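I have placed the structure first, in the form of structure tokens, so that the comments after it can refer back to it.
The values are calculated or read from the model by the stated rules, or taken from the named source; none is laboratory data. The structure presented is a predicted model; accordingly, all values stated were derived computationally and were not measured. Here the Cβ positions follow ideal geometry from the backbone for every residue, glycine too, while neighbour counts run over all protein chains shown.
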Amino acid sequence: MIKTTTKKLIKTILINAVIWALALLWVLPFIGLALVSLMPYRGVIVRGWLRLPSLDSLSFKNFIEALANPLYDMATGYRNSVIVASASTILPLISAALAAYAFTYLDFRLKAMLFGLIIVIMMVPQQLVVVPLFFLYNYLRLYNTIPGIVLLHSAWGVAWSTFFLRNYFKFIPKSLVDAARVFGASDFQIFRKIVMPLSIPGIIAATVLQFTWVWNDLFYALTFLVSKENQVLTQKLVMLKGEYHIDWGLLTAGSIITMSMPLILYIAFNKYFMRGVAGWGVRR
Amino acid sequence: MKLGKKVKPITFLLLPFTLISIFVLYPIVATVFYSFYDKGLGSFSLRNYIDVVFATSPLNMLIARTLHSSPPWGALIHNLVWVALHVPLVTFLGLILAFLLKYYVKGSIVIKAVLFLGIVIPPAVGGLVIRFMFDEIVGIFPRLFSYTGIELLSKTWTSYPQIALFALILGSVWIWLGFAVTVFSAALETVPKSHIDAARVFGASMWHIFSKIVVPELKPAITIVVVMTVLWDLKIFDVVYASTGGGPGGSTTVLALVMYNYFARALDYYKSAAVAVILTLITVPFIVLVLRWLKE
């Protein structure tokens, strides 16, 4: 009996050791980025970065360079990313909440078909809209403008967050909505006074996921924003990389700047992220 | 009984569906039209598709004429190789991890949060991290692999066509594994613990519990993870653009990147549309699978 328990104990310890080692491997790149961005690059080349650095050798020079040097100008990128991601979150979420309400509580023609359409849009490759929008945007003078890319992100955002919010609305007891109807509440009142307040966790989850998704986008930014003053952070980041020579000090600092916002959101709204994804909230 | 003032559904649907119609639906239909538009002829033909499928320049090639033992094999093949390696790796590792984390590991919340980081950060940063970790000078892996005595593996992986694609695929496991673990962990919550406790009491081995109880119970979740991972692999762009840009010598191109190359480098918009349609056609079976699964 004792033998089997010790055997079990050893097994458990072994499993824990392996899994924790794996977790360590998973954070190792983040540790690497942080160390290389702060260490003098020459030291990194000679001695590597997997060591305890002397504190007085660390400097924020790479961060300042990436943000403020007009050649890289990530400060402008940061500002643009904040504007684009905020606008591309507010507009679709309002629209999607309205649509999700209609899909949950109202009856109308083609309801099932329209909802099917929304699900298909959630999964269609983003590449499929680029060419005609490029022509349309040139015609409407929306090409290379912040409103142009905001509208595009918003339209995709509407699709998945309608799906996401409808799943959330379904958990609100229907009797509550029916009772309000009986007392003469209009659909707008029910939407504002009952459904919205009861779905705040769902709306927070959709907000952080949509914001992060837009913030992280590189493809649409590359195709629709070209001038330096309009480019977002992910674009500025990939431009830090020279063709042959790579300044890892600068590039690691740039990476940390670029992912700072999603990381902060993730730390602040951890459970909303995990639940949102577990509830099949990811698009890519 | 007094009924509330009926609001027409259109008032709720107008804003969302206007956005979707102009910026998603119209361009999808138009892309299909443009993909058949023949500039030379001034009318519609299959020219763009033929040109695109048989292109031979390294950055635009979809399928290589002759498949050598190492890339470039063409973007379409690279995507398929990506799916063939990434999907089983992510699904299998994800299942085992979710299982072990739930029943055997202390501090599993922290580990899940760490694994999840990969899908929180921008994929472009993920791409740069891959390059970083496989870099000869600053990276960890070439140094580790230098002990194997294989010279090639101690170099910057993303600079050698023989191994660049595999560096990206391995790196994409790092990025995407958190998705699988999160979905599987959530699904495991619905498996009654009594089943597993009962199996344990009767002395079932860990592997037995895993393969005979956990995996069958998680079948729907496995379908989701497999399909979503396939779709992610087929649409992949940011990771590749940021790490290698398709190089060296076209050995890491993918369909979305070829579409972008036609659009932004060659300025050949109609061929770009054709590649976008081809990419979409490949995803269609998986989209249908999801639709069918949602209907149930």
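Take the residues in region A:80-97 that are facing chain B (nearest Cβ under 9 Å) and either modelled with pLDDT under 90 or surrounded by fewer than 24 Cβ atoms within 10 Å (Cβ to Cβ) (or both); name whichever of them is farthest from A:Leu67 (Cα to Cα). Among those that are facing chain B (nearest Cβ under 9 Å) and either modelled with pLDDT under 90 or surrounded by fewer than 24 Cβ atoms within 10 Å (Cβ to Cβ) (or both), it is A:Ile94.
In region A:108-149, of all residues being among the β-branched types (Val, Ile, Thr) and either farther than 25 Å from B:Asp268 by Cα or surrounded by 23 or more Cβ atoms within 10 Å (Cβ to Cβ) (or both), the one that is farthest from the other protein chains (Cβ to nearest Cβ) corresponds to A:Ile149.
With respect to (1) facing another protein chain (nearest Cβ under 10 Å); (2) closer than 30 Å to B:Asp238 by Cα; (3) at pLDDT below 95, the lone exception for A:Ile204 is condition (1). Here A:Ala100, A:Ala87 are screened, and the one residue that is in contact (Cβ under 8 Å) with a residue 40 or more places away in the chain, in contact with a Phe, Trp or Tyr (Cβ under 6 Å, 6 or more places away or on another chain) and of a type in the set (A, V, I, L, M) is A:Ala100. Could you run through region B:170-192 and say how many residues are surrounded by fewer than 20 Cβ atoms within 10 Å (Cβ to Cβ) and among the hydrophobic types (A, V, I, L, M, F, W, C)? Qualifying residue count for the region: 5.
Examine region A:108-121 for a residue that is of a type outside the set (Lys, Arg) and either in contact with a strand residue (DSSP E or B) (Cβ under 7 Å, 6 or more places away or on another chain) or farther than 19 Å from A:Asn167 by Cβ (or both), and state whether such a residue exists. Yes, there is a match, as at least one residue in region A:108-121 is of a type outside the set (Lys, Arg) and either in contact with a strand residue (DSSP E or B) (Cβ under 7 Å, 6 or more places away or on another chain) or farther than 19 Å from A:Asn167 by Cβ (or both).
To keep it simple, each residue is scored yes or no on (1) polar (S, T, N, Q); (2) part of a helix (DSSP H, G or I); (3) away from chain A (no Cβ under 13 Å); (4) crowded, with 22+ Cβ neighbours inside 10 Å.
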| residue | (1), (2), (3), (4) |
| --- | --- |
| B:Leu41 | no, no, yes, no |
| B:Met61 | no, no, yes, yes |
| B:Pro72 | no, no, yes, yes |
| B:Val83 | no, yes, yes, no |
| B:Lys106 | no, no, no, no |
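Do we find that A:Ile256 is assigned by TED's automatic domain parsing to the domain that holds A:Leu71, assigned to a helix (DSSP H, G or I), buried (at least 19 other Cβ atoms within 10 Å of the Cβ) and in contact (Cβ under 8 Å) with a residue 40 or more places away in the chain in this structure? So A:Ile256 passes the test. Checked against (1) in a helix (DSSP H, G or I); (2) surrounded by fewer than 22 Cβ atoms within 10 Å (Cβ to Cβ); (3) modelled with pLDDT under 95, B:Leu67 passes all but a single condition, namely (1). Scanning region B:127-153 for residues that are touching a helix residue (DSSP H, G or I) at 6+ places or on another chain (Cβ under 6 Å), within 14 Å of chain A (Cβ to nearest Cβ) and in a helix (DSSP H, G or I) yields B:Gly127, B:Leu128, B:Val129, B:Ile130, B:Arg131, B:Met133, B:Phe141, B:Pro142, B:Ser146.
Filtering region A:163-189 to residues that are within 12 Å of chain B (Cβ to nearest Cβ), part of a helix (DSSP H, G or I) and either over 28 Å from B:Phe23 (Cβ atoms) or modelled with pLDDT of 95 or more (or both) leaves A:Val177, A:Asp178, A:Ala179, A:Ala180, A:Arg181, A:Val182, A:Gln189.
Residue-by-condition table, conditions (1) over 30 Å from A:Ala23 (Cα atoms); (2) polar (S, T, N, Q); (3) in contact with a helix residue (DSSP H, G or I) (Cβ under 9 Å, 6 or more places away or on another chain):
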residue	(1), (2), (3)
B:Phe17	yes, no, yes
B:Phe23	yes, no, yes
B:Ala55	yes, no, yes
B:Pro58	yes, no, no
B:Pro72	yes, no, yes
B:His78	no, no, yes
B:Val87	no, no, yes
B:Leu100	no, no, yes
B:Tyr104	no, no, yes
